[in-house]
Structure formats: C-alpha cells, structure tokens
Amino acid sequence: MKFLKNAQSILFFGILFLHVIPTLEAQTKQIKRPKSRVGIGSVDRFVQESFDIYDKVYKYDGYAEAGTPLDDEDIDVLEDALDDLQGLSDSAPDILGDLDGANALKQAKATLQINKAKKALKYSIKTAKELLLGQRERDKKDQESEEDTTSEESDSTDNTSSNDSDTSEEAEEDKNISDDLEVYSKYDFVPGDKLLFFDDFSKDFIGDFPSKWNTNASGEVVKIANKGKWFELKTGYGVFYVPDVKDLPEDYTIEFDILTKGVGKQTSSTARLSVYLSDNDKFNPGSNHAFVTIPLGQYAAFSFRAKNYFRNGGGDINTDIKADIRKEILNQPHIAISVTKKRFRLWMNQTKYMDIPRFIQEENLLKYLKFHLNNLKDGEEHLYISNLKVAEGGVDLRRKLLSEGKISTNGILFDSGSANIQPQSLGIVRQISQVLMQDDSIKLKIVGHTDADGSDEANLKLSKARAEAVKNALVTIYNISADRLETDGKGESEPVGDNSSADGKAQNRRVEFITI
C-alpha cells in the first residue's frame with residue numbers, strides 16, 4: 001500500500017512537472033529583485049515600487065501563458081498597475097539628481113539598481129498593455145534580454161538602509177495657502193446655494209468616529225493646534241468612508257480641506273485619496289461609479305486620475321491628468337468639485353485640473369459620495385479632512401442676480417471670527433464683478449450675516465466687516481468703482497437655519513447682494 005501511494009505521488013508530480021515547468025520557461029525570464037538597499041531614500045523607493053508592480057504583472061503574465069483567463073478584478077489590478085507604472089517611469093529622471101553628493105560606490109550601486117528597475121518597468125508597461133488588450137506576444141529577444149547583467153550589483157557591500165531624514169515633512173508647519181487674493185482672481189468655481197451636508201466635526205468628541213459618517217474600518221476625530229477638529233482617515237485596500245449624503249441631485253458641488261502629516265519623499269507613489277460618486281452607500285465602488293484620485297507622493301510629480309464605469313455603457317474615461325501638486329499637498333489644500341449633469345470639474349486651490357464634459361455618463365444614477373485612502377504608512381503618514389460641504393446648485397449667479405435683483409450665498413467663506421476672505425471664495429465675487437462690468441448702471445448693496453456664536457454686538461460688527469471685505473475685493477481685484485457699492489451687516493438677527501447644528505450655522509453665515 002505504501003509503495004502504491006509513493007507511485008501515485010511520483011505520477012502526480014511528474015504530471016505537474018510536465019505542465020508547469022514548460023509554462024514557466026515559456027514566460028519571459030524573471031528579473032531578480034535587488035537583495036539590498038542603496039541607502040538613498042528616493043532610489044530605494046523607486047526600485048522597490050518598480051519591482052512590486054513588476055511582480056504583479058509577471059504573475060498575470062504567467063496566468064495568460066498558462067491559458068487562465070483574467071477576471072474583472074485581475075483587469076482592475078492591471079489597469080491600476082499600468083497607471084502607477086507610467087508615474088514611476090516619469091519620475092526616473094528626477095531620481096538621478098538625488099545621487100549628487102553620494103560616494104562613488106553608492107552612486108555606482110544606485111545606477112545599477114535604477115537601470116534594473118527601468119528594465120522591469122519597460123517589461124511591465126509593455127506586458128500590462130498587451131494583457132489588457134488580449135494581445136500578449138513573446139519573442140526570443142524579450143526572453144534573452146532579461147538575463148542578469150551583473151552579479152547582484154555587489155549587493156553585499158554598503159548594505160545600509162536609508163538614513164536620509166525627510167526634510168520636506170512640512171506638514172508639521174502646515175500653513176494656509178497664499179494670502180494674496182490676486183492669485184485667485186480668475187478662479188471660476190461657484191459653490192451650490194442650497195446646503196445639503198456640512199461637517200466640520202465641531203459636535204464630535206475627540207477620539208470618536210464622526211457621527212455623520214460610516215465606514216467598514218476605523219477613523220477618529222482629532223484636534224490639531226490652531227486648526228480645529230479634523231477627521232483622520234485610515235489607509236487600507238477596500239476601506240471606504242461614507243458621509244451621510246443621500247440623493248445627490250443633477251447639479252451640485254463638493255468642497256473639503258485636506259491636511260497631511262508625515263508625508264514626504266518616502267511616501268509611496270501609489271498613495272492616493274480617492275473621491276467616489278456611486279450608485280450605492282455600501283463599502284465598495286458600486287455597480288456604477290465615477291471616481292478621481294488625488295496623488296499624495298512627494299518624490300516626483302504624479303498625476304490626478306479620473307475613471308468611470310457604467311454597466312449599460314462601460315466606461316469611456318480612464319485617464320491621467322499631469323500635475324505637480326506636491327507643495328499644495330503639504331499646505332492644506334482646498335478641493336472643490338462641481339457636477340453639472342454630466343459635466344465634472346475639479347479644482348485644487350485656485351487651479352482647475354479637470355473639466356470632463358461627459359464624465360457622468362448616466363444622469364440621476366450616482367447618488368452617493370465616498371472617500372477611499374490607500375498606501376500611506378500606517379502610524380507614520382496621516383491624512384485628515386475637514387469642512388466637507390455638499391450643496392445643490394452651483395448655478396450661474398449672474399443670471400439670477402440680473403433676473404431677480406437679489407442673491408444670497410453661503411459660498412463666500414471667511415477665516416473663523418475674522419473678515420479675511422478665504423481665497424477659494426473668489427469664484428462668486430468674480431461672477432458679481434462680471435455683472436457690474438456688463439452694466440455700468442447697476443449698483444449693489446452687500447449685506448453680511450453671521451451665525452449665533454459669540455455676542456450679538458460682536459456678530460453685528462463682524463457681519464459689517466465681512467460685507468466691507470467683499471466690497472474691497474470687488475474694488476481692489478476687479479476694479480469696480482467703490483461708489484457703486486454699499487455695505488451693511490445684520491449679525492445673527494436674521495437666521496435661515498438652526499444655530500444649534502453645524503449645517504444650520506453654515507447656512508446662516510452668508511452674504512447677500514441686492515440691486516439698488
């Protein structure tokens with residue numbers, strides 16, 4: 001009986017050898033990952049990430065060679081890998097500059113490892129494209145060219161890990177973006193005028209998960225010195241954060257602020273914050289969805305990404321948008337998104353990076369908002385968001401002012417307890433200026449309103465100062481004559497929302513423009 005079992009085992013492994021070994025030999029010879037680090041942070045990160053993606057592509061290449069069909073999840077992985085590959089490939093020239101100052105041995109080792117990583121990237125890009133198109137072809141040149149050209153680049157020498165401190169971790173000193181409003185003079189984002197959701201976490205306890213959100217993982221509200229409360233998202237594959245936003249209309253806007261800590265040159269090129277528009281409020285992308293990703297990496301310029309999928313029509317959009325937003329990521333950027341039926345636009349601070357006319361291929365389908373964060377180092381790299389505001393509208397305020405003679409907006413934001421206009425609010429001020437430029441006979445009264453925090457006297461004074469600040473912006477930035485503008489303030493005396501809630505307070509902090 002024992003002999004029979006041994007014979008069966010031999011037969012089994014013999015069959016396995018006949019089927020598996022030819023498959024492996026038919027595939028391109030695998031490039032060996034370097035066994036040790038160079039000790040230059042950006043180089044080690046580039047090599048590691050190149051081979052991490054290479055290993056994925058090589059695995060799927062083996063599946064294809066063996067005749068195993070790729071399923072939808074495999075294809076998604078390959079598509080994401082292809083996006084990451086392009087970003088890594090573009091960053092290679094920048095990394096070479098980091099070799100300056102290193103000793104000759106370290107430079108030589110780094111150059112060898114970079115070249116090996118570039119070879120892995122070349123294979124991965126070519127193979128991933130062919131696998132996705134179902135046109136994978138192998139030739140002898142490919143197989144022969146992947147032989148090792150060095151004996152592990154003297155990996156046994158200089159086996160030091162990177163001790164370069166990340167001098168770019170400016171998140172500890174996060175400061176607001178430029179105070180110069182002139183930079184924003186052409187900013188054309190106009191927030192919606194009917195508030196659907198607002199959360200600054202002011203009603204949540206520090207350390208708790210925010211009360212108006214849901215997740216399949218974890219997260220907590222934190223307090224940051226001089227910046228108030230923020231919601232820290234946790235990184236993880238398949239982790240989603242879903243605010244209590246339901247039934248998004250055809251036209252709406254989304255705004256929020258980002259704060260980072262510990263993000264620097266060691267941060268992965270695949271570290272991204274994703275914003276999803278979905279057909280469900282579950283912890284997945286949804287059967288129909290559209291999403292954009294914001295790159296967080298610092299050692300090279302990485303792209304925004306935009307991708308959509310609709311069951312009835314597939315997805316026409318899967319693109320990278322080139323942008324160098326590294327400094328912005330470290331300095332508390334403001335994100336603004338506008339959805340007008342099928343049109344999708346995205347701004348970071350004063351710059352518009354996306355304007356896709358038919359990103360939402362099917363209207364009245366994507367009703368939910370979700371966030372996803374991936375590939376930050378847990379416990380070392382952090383991302384927080386705050387001041388999430390979702391509002392219906394985003395309409396052309398110029399037409400409304402001309403037709404009705406009055407508009408009220410809570411889209412002009414000020415620093416807390418101050419009359420300093422936040423720069424991202426200038427899209428509305430710009431539209432008001434265009435009305436005044438179009439018709440010289442129009443004169444306006446600008447009226448400020450506040451919430452009920454603070455004393456009546458202080459709020460009255462603040463509301464008047466804020467109205468005056470808007471007038472000054474129209475005069476100094478857009479050259480509107482001061483004698484065409486009057487100002488007033490009502491303080492907290494005319495609320496339109498409940499001052500006991502964050503939503504209500506946000507509605508009450510508003511500015512009115514009235515023709516006179």
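The values are calculated or read from the model by the stated rules, or taken from the named source; none is laboratory data. None of these values were measured; they are calculated from a predicted model. Virtual Cβ from ideal backbone geometry, glycine too; neighbours counted across all protein chains shown.
Just a few scattered comments:
- Candidate set: the stretch 288-307, residues that are within 15 Å of the chain's Cα centre (by Cα) and polar (S, T, N, Q); chosen: the one nearest to LEU82 (Cα to Cα): SER303
- Selection status of ASP244, in contact with a His (Cβ under 7 Å, 6 or more places away or on another chain), modelled with pLDDT of 95 or more and surrounded by fewer than 23 Cβ atoms within 10 Å (Cβ to Cβ): no
- Meets criteria (farther than 27 Å from LEU196 by Cβ and aromatic (Phe, Trp, Tyr)) for PHE302: yes
- Residue count for the stretch 480-516, restricted to those that are buried (at least 17 other Cβ atoms within 10 Å of the Cβ), of a type in the set (D, E, K, R) and over 32 Å from the mean Cα position of the chain (by Cα): 3.
- Residues of the stretch 222-238 satisfying the condition of being aliphatic (A, V, I, L, M) and either over 21 Å from LEU296 (Cα atoms) or more than 20 Å from the chain's Cα centre (by Cα) (or both): VAL222, ILE224, ALA225
- Selected residue [modelled with pLDDT under 80, outside any helix (DSSP H, G or I) and closer than 25 Å to THR319 by Cα] from LEU78, LEU88, LEU82, LEU70: LEU70
- Taking residues in the stretch 258-275 that are under 19 Å from LEU388 (Cβ atoms), and partners anywhere that are hydrophobic (A, V, I, L, M, F, W, C) and in a loop (DSSP other than H, G, I, E, B), the pairs with Cβ atoms closer than 8 Å and at least 6 places apart or on different chains are THR260/LEU296; THR260/LEU330; ARG272/LEU296; LEU273/LEU296.
- The set of residues in the stretch 162-205 that are among the aliphatic types (A, V, I, L, M) and either in contact with a Gly (Cβ under 7 Å, 6 or more places away or on another chain) or modelled with pLDDT of 85 or more (or both) comprises ALA171, VAL190, LEU195, LEU196.
- The residues of the stretch 378-396 that are under 18 Å from LEU196 (Cβ atoms) and either among the polar types (S, T, N, Q) or in contact with a helix residue (DSSP H, G or I) (Cβ under 8 Å, 6 or more places away or on another chain) (or both), listed by number, are SER386, ASN387, LYS389.
- Filter pass, ASN349 being at pLDDT below 95 and among the polar types (S, T, N, Q): yes
- Of all residues making up the stretch 444-460, the number that are in contact with a strand residue (DSSP E or B) (Cβ under 7 Å, 6 or more places away or on another chain) and of a type outside the set (A, V, I, L, M): 3
To keep it simple, each residue is scored yes or no on (1) assigned by TED's automatic domain parsing to the domain that holds PHE231; (2) buried (at least 20 other Cβ atoms within 10 Å of the Cβ); (3) within 29 Å of PRO333 (Cβ to Cβ); (4) under 36 Å from the mean Cα position of the chain (by Cα).
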site: LEU388; (1), (2), (3), (4): yes, yes, yes, yes
site: ASN420; (1), (2), (3), (4): no, no, yes, yes
site: ILE432; (1), (2), (3), (4): no, yes, yes, yes
site: SER455; (1), (2), (3), (4): no, no, no, no
site: ALA458; (1), (2), (3), (4): no, no, no, no
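- Within the stretch 288-304, considering residues that are modelled with pLDDT of 95 or more and either surrounded by fewer than 17 Cβ atoms within 10 Å (Cβ to Cβ) or not aliphatic (A, V, I, L, M) (or both), the one nearest to GLU49 (Cα to Cα): PRO295
- Members of the stretch 258-287 that are of a type in the set (Lys, Arg), within 16 Å of the chain's Cα centre (by Cα) and over 27 Å from ARG345 (Cβ atoms): LYS261
- LEU474 modelled with pLDDT of 95 or more and buried (at least 16 other Cβ atoms within 10 Å of the Cβ): no
- Residue satisfying all of: in the stretch 195-236; farther than 28 Å from GLU392 by Cα and basic (Lys, Arg); surrounded by the most Cβ atoms within 10 Å (Cβ to Cβ) among these: LYS234
- Counting only strands (runs of 3 or more DSSP E) that fall entirely inside the stretch 285-354 and contain at least 2 residues that are touching a Leu at 6+ places or on another chain (Cβ under 6 Å), the qualifying elements are 289-295.
- In the stretch 343-357, the count of residues that are outside the structural domain of VAL429 (by TED's automatic domain parsing), of a type in the set (D, E, K, R) and out of contact with any strand residue (DSSP E or B) (no Cβ under 9 Å at 6 or more places or on another chain) is zero.
- Every residue from the stretch 355-374 that is of a type outside the set (Phe, Trp, Tyr) and either buried (at least 20 other Cβ atoms within 10 Å of the Cβ) or assigned to a strand (DSSP E or B) (or both): ASP355, ILE356, ILE360, LEU366, LEU369, LYS370, HIS372, LEU373, ASN374
- Residues within the stretch 336-345 that are farther than 13 Å from ILE317 by Cβ and either surrounded by 21 or more Cβ atoms within 10 Å (Cβ to Cβ) or among the hydroxyl-bearing types (Ser, Thr, Tyr) (or both), tallied: 5
- Checked against (1) touching a residue at least 60 places away in the same chain (Cβ under 8 Å); (2) in a loop (DSSP other than H, G, I, E, B); (3) not acidic (Asp, Glu), PRO210 passes all but a single condition, namely (1).
- Residues that are under 21 Å from ILE53 (Cα atoms) and modelled with pLDDT under 80 were ranked within the stretch 93-119; the one that is surrounded by the fewest Cβ atoms within 10 Å (Cβ to Cβ) is PRO93.
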